[in-house]
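As structure tokens, the structure follows; a few thoughts come after it.
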Amino acid sequence: MAEERIVCVYSDSTDSIEQHFHNTHELIYVKKGRIRIRIGKSTYEAGEHALIFISRLEEHSVTVLDTPYHRWWMRITAEQLAAAVDEPRLRAVFDRRPDDFCHVFYVDTVAEEVERTLQQIADEDTAPRSFKRHRIAALLQLLLITCYRLKREQFPLPAHRVSETVLRIQSYLDAHFSEDISLETLARDFYLSPSYLSHAFRDWTGYSPKQYLVLCRLSFARELLLTTEHSVAQIAARCGFGDVNNFIRTFRERVGCTPAVYRRNAEQQLYES
């Protein structure tokens, strides 16, 4: 199987994009134009030199307000991000979602540097070169460091130091969300009390461990609904839902429709486009 790659693309399409998701983190940089972007329950207008950071757990839609609309967009999995960027403070802009998080900020004073770095990542992505993965990882870190130095407040960190164990637990859930996991077993396996784990994990990610686990499962479920012909029951099992009825109920509560309707709507949109 071919190794997954970090995707970075320059686009000048002016098509608006309906509410959707990717089972990957996404970065959008607006070079020209203006858009309205809805991410979860938050809505922003973003213009030239805006950087937008979207977690893999967040649905979003884009409406183009002013043209021409030129942008770079990058998609990266949680595993790729962890492998490329070992500093939690730099990953926080993707990983953490406190209540007051702002997804959009402007990089006017370093716009040329940001655009140059994104162009280099895009060039590496499309060319067969030695150590491509390593150079893209280095360029991604450079981009995040540039942004951190400019807008440190956009990289949300708790008031106190985050336990390395909490970071390991987040990575563990990213990789093992389809398994049978409870707060009690998670706390026991990582030598923490359930109450401390729940508090510390929410302080870091903005979610309780249970909420994070469910969101990881639903993110993968939506990917399977869009990219496979597996039945709803098969998808429920693959995503870690022991009971298909629980999966359907949880999916409807979080997404707003049943898995079958979600798949049918996506197929209809693809047909109409």
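The values are calculated or read from the model by the stated rules, or taken from the named source; none is laboratory data. Since we're looking at a predicted model, the values are computed, not measured. Ideal geometry is used to build each Cβ from the backbone, glycine not excepted, and the neighbour counts take in all protein chains shown. With ligands, DNA and RNA removed, areas are computed over all heavy atoms of the protein, side chains included. Shrake-Rupley method; radii C 1.70, N 1.55, O 1.52, S 1.80 Å.
The conditions of being over 29 Å from Ala92 (Cα atoms) and not basic (Lys, Arg) are met by Thr228. Residues that are over 17 Å from Ala82 (Cβ atoms), of a type outside the set (A, V, I, L, M, F, W, C) and touching a Phe, Trp or Tyr at 6+ places or on another chain (Cβ under 8 Å) do occur in the stretch 217-236.
Against the definition (among the charged types (D, E, K, R) and under 18 Å from the mean Cα position of the chain (by Cα)), how does Asp99 come out, yes or no?
yes
Residues in the stretch 4-58 that are within 17 Å of Val104 (Cβ to Cβ) and among the aromatic types (Phe, Trp, Tyr): Tyr29, Tyr44, Phe53. Close Cβ contacts (under 6 Å, 6 or more residues apart or on different chains) running from residues in the stretch 208-229 that are under 12 Å from Ser198 (Cβ atoms) and crowded, with 19+ Cβ neighbours inside 10 Å to residues that are modelled with pLDDT under 90 and among the hydroxyl-bearing types (Ser, Thr, Tyr) comprise Tyr212/Thr205. In the stretch 230-250, the qualifying residues are those that are within 19 Å of Ala266 (Cβ to Cβ) and in contact (Cβ under 8 Å) with a residue 40 or more places away in the chain, and the one that is least open to solvent (accessible area, probe 1.4 Å) is Cys239.
State all residues of the stretch 1-53 that are among the charged types (D, E, K, R), in contact with a helix residue (DSSP H, G or I) (Cβ under 9 Å, 6 or more places away or on another chain) and not in a strand (DSSP E or B); if no residue qualifies, say none. Result: Glu3, Glu4, Arg5, Glu48. Taken over the stretch 64-94, the residue count meeting the criterion of being open to solvent by 40 Å² or more (accessible area, probe 1.4 Å), without any contact (Cβ under 8 Å) to a residue 60 or more places away in the chain and part of a strand (DSSP E or B) is 4. Taking the listed residues Phe155, Phe241, the one that is within 26 Å of Asp99 (Cβ to Cβ) and among the aromatic types (Phe, Trp, Tyr) is Phe155, with no other qualifying. Of the residues making up the stretch 150-195, not one is touching a strand residue (DSSP E or B) at 6+ places or on another chain (Cβ under 8 Å), in a loop (DSSP other than H, G, I, E, B) and touching a residue at least 60 places away in the same chain (Cβ under 8 Å). The residues of the stretch 172-207 include none that are among the polar types (S, T, N, Q), open to solvent by 60 Å² or more (accessible area, probe 1.4 Å) and closer than 18 Å to Glu79 by Cβ. Taking the conditions exactly as written (open to solvent by less than 40 Å² (accessible area, probe 1.4 Å) and in a helix (DSSP H, G or I)), does Ala122 satisfy them or not? Against the criterion (open to solvent by less than 40 Å² (accessible area, probe 1.4 Å) and in a helix (DSSP H, G or I)), Ala122 qualifies.
Conditions tested, residue by residue: (1) of a type in the set (Ser, Thr, Tyr); (2) under 19 Å from the mean Cα position of the chain (by Cα).
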| position | (1), (2) |
| --- | --- |
| Ile6 | no, yes |
| His25 | no, yes |
| Arg38 | no, yes |
| Thr43 | yes, yes |
| Leu57 | no, yes |
| Thr63 | yes, no |
| Arg75 | no, yes |
| Ala78 | no, yes |
| Asp108 | no, no |
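Regarding the stretch 13-31, can at least one residue be identified that is surrounded by fewer than 21 Cβ atoms within 10 Å (Cβ to Cβ), of a type in the set (A, V, I, L, M, F, W, C) and out of contact with any Phe, Trp or Tyr (no Cβ under 6 Å at 6 or more places or on another chain)? Looking for residues that are surrounded by fewer than 21 Cβ atoms within 10 Å (Cβ to Cβ), of a type in the set (A, V, I, L, M, F, W, C) and out of contact with any Phe, Trp or Tyr (no Cβ under 6 Å at 6 or more places or on another chain), one finds at least one in the stretch 13-31, hence yes.
Can you spot a residue in the stretch 102-119 that is open to solvent by less than 60 Å² (accessible area, probe 1.4 Å), in contact with a Ser or Thr (Cβ under 7 Å, 6 or more places away or on another chain), under 23 Å from Glu45 (Cα atoms) and not in a helix (DSSP H, G or I)? The answer is yes; a qualifying residue exists.
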